[in-house]
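What follows is one structure encoded as structure tokens, with my remarks underneath.
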Amino acid sequence: MAAHADEPIRLAVGELARFLGADVDDPAFLADPYRCLTPGIREKSVHRLPGGALAVLGYTACAEVLRDTRFGHGARELYGTTLLGLSARSILQLDAPGHTRLRGQVARHFTARRVRALAENVGYYSTALVREHAGRPGDFVADFAEPPAMSVISDVLGVPPEDRPAFHRDARLVVRGLDQQARAMDERAVAQARFRFVRFFRRRAQVRRQAGTRHRVPRDDLLDALSRRPDGSPADIRGLVTTCSLLLSAGYDTTVSLLSHAVAELGGAPSGQGWALARDPQTVGAVVEEVLRLHSSVQIAPRAAVRDAVLGGLSVARGTIVLPLLPAANRDPDIFDSLHTFRPRRYITPAVQGRSAARHLAFGAGAHFCLGAALARLTAHSALAVLAACPPRPRDAPRTYSEDVVVRSLRSLRSLPATWPHRPADRPPHPPAGGAAAYAGPSCPIPHAQRSVT
């Protein structure tokens, strides 16, 4: 078997799974994988694994690794070499100055005004989808969570309405291909989708460059921004495609995971902790934060020691792999109570009393804090506001999760059987800005993923 490019990290993550006693082939573990974290956290916050890597479970230690410049990647430019001898294939593997420059280029497109406009579109998408699926059973992930997630990231990237059906189909395959077992099931289709995906962005970048040269009127989307360097010269096509691919996978997965887990938790919450809180604009934010705390879409944020350091009382030599486990940090008993319980009021009571609640690390911290955090939060607020008017009911049917949970470092629901009891009273208020031509009317014919039978 050919070695993976990230083999050192994969081996370390495998050791971490064995250390925790995690069995990724056990459906019961995939349904509730976090119970195994408690013993390790209570013992100590940092553990040395047999191969020398460090497993970081405690909240304070995880936050230190994420914020401290002693821990990073070692590569200073895209496609440079990291401390582990790997190629830095995205902004996630970069340190300053390359990370600072590329992040700043992307961050300019996530202003508060743009984020609000993108999130407002979700209200239209959500109302249209609920009206389409109301009164019949379906899969919440495929029918509701995935379509607006893909539409929002298409808005961000500036995908033209006429290209969206084909783009959505290929993008779903590209994202699905990140799951090792899913990729193995249809490797040829995933490879073809990746080729078309890369070709799409190359062609769009070339069109943007030519248009900019002739007319000097840039478009107001991220693809246009990434097509040019700050001085106006053409950007490297390879870096542009890499960044767009990362934004697609990260933005899509985060939104789908957040919405799906929110509905799963709200559907089983006791009175006063569920849809009543999601329905209130003053408390829906607490619901979103608690879902993020319990269900971080990113499980592990690998780093390496850039220089010799000490962490949790253990010496860390330069080049040592360090694995902050975000779900463990978000269940640290020194920071949170009722560790495994969905309790949004933990974020409401301190606010009423004028105090700050403990912040989870679902979006990371420090220089690599998630650029799309504000967009993900507002997207969830908009979608839940629509759903709260006619809450979907999870059905008594098997749920499935991403199979490659440890190696991929992501955990998300792949199916959530549900039904809506009735249609919302309101029709979609207006077509979404920047993508109206993709939607012919209230039925919102967004291309859906092929639904699998579980």
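The values are calculated or read from the model by the stated rules, or taken from the named source; none is laboratory data. Just so you know, these numbers come straight off a predicted model, no measurement behind them. Cβ sites come from the backbone with ideal geometry, for glycine too, and all protein chains shown count toward neighbours. Accessible surface areas use protein heavy atoms only, side chains included; no ligands, DNA or RNA. Shrake-Rupley method; radii C 1.70, N 1.55, O 1.52, S 1.80 Å.
Average projection, convex hull of the Cα set of the stretch 67-155: 8.4 square nanometres.
Taking 10 °C and 1.306 mPa s as conditions, the stretch 111-196 diffuses translationally at an estimated 110 µm²/s according to Stokes-Einstein applied to its Kirkwood radius (Cα pairs). Amide H contacts of ALA358: none lie under 5 Å away among residues 5 or more positions distant or on a separate chain (H built 1.01 Å from N in the peptide plane; Pro and chain starts excluded).
What the phi angles of the stretch 107-118 give under the Karplus curve with 6.51, -1.76 and 1.60, with θ = phi - 60°, is a coupling list of 4, 4, 8, 10, 5, 4, 5, 5, 4, 4, 5, 5 Hz, glycine and proline written as x. Taking each residue as 0.36 nm, the span from ARG395 to THR69 lengthens on full extension beyond its C-alpha to C-alpha distance by 112.7 nm. Residues whose amide H lies under 5 Å from that of VAL322, counting only those 5 or more places away or on a different chain, are LEU54, ARG303, ALA304, ALA305; hydrogens are built 1.01 Å from N in the peptide plane. Kirkwood radius, the stretch 1-121, all distinct C-alpha pairs, inverse of mean reciprocal distance: 17.4 Å. For the stretch 10-53, the percent of C-alpha pairs falling in each 5 Å distance bin, counted from 0 to the bin holding the largest distance, reads 5, 21, 28, 25, 15, 5. Extension gain for LEU246-ALA367 works out to 41.9 nm (0.36 nm per residue, less the C-alpha to C-alpha distance). Amide H to amide H, with H built 1.01 Å from N, LEU311 comes under 5 Å of VAL316, counting only residues 5 or more places away or on other chains.
In the distance distribution for the stretch 260-393, Cα-Cα pairs more than 22 Å apart total 44 percent. Out of every Cα-Cα pair in the stretch 295-362, what percent are more than 21 Å apart? Here the tail beyond 21 Å accounts for 43 percent of pairs. Between the listed residues LEU375, ALA317, ALA329, the Cα displaced farthest toward the positive end of the dipole of the stretch 303-379, a dipole computed from Cβ unit charges relative to the Cα centre, is found at LEU375.
Couplings for the stretch 78-83, taken from phi via the Karplus curve 6.51 cos²θ - 1.76 cosθ + 1.60 with θ = phi - 60°, read 4, 6, x, 9, 7, 4 Hz in order; Gly and Pro are left as x. The heavy atoms of LEU240 present about 10 square angstrom of accessible area, all protein chains included, probe 1.4 Å. Estimated translational diffusion coefficient (Stokes-Einstein, Kirkwood radius over Cα pairs, 10 °C, 1.306 mPa s) of the stretch 235-327: 96 µm² per second. What the Cβ-Cβ distance of ARG136 and ASP308 gives, at R0 = 51 Å and to the nearest 0.05, is a FRET efficiency of 0.25. Couplings 3J(HN,Hα) for the stretch 381-397, derived from phi with the Karplus relation 6.51 cos²θ - 1.76 cosθ + 1.60 (θ = phi - 60°), are 4, 5, 5, 5, 4, 6, 5, 5, 6, 8, x, x, 10, x, 8, 7, 8 Hz, where x marks Gly and Pro.
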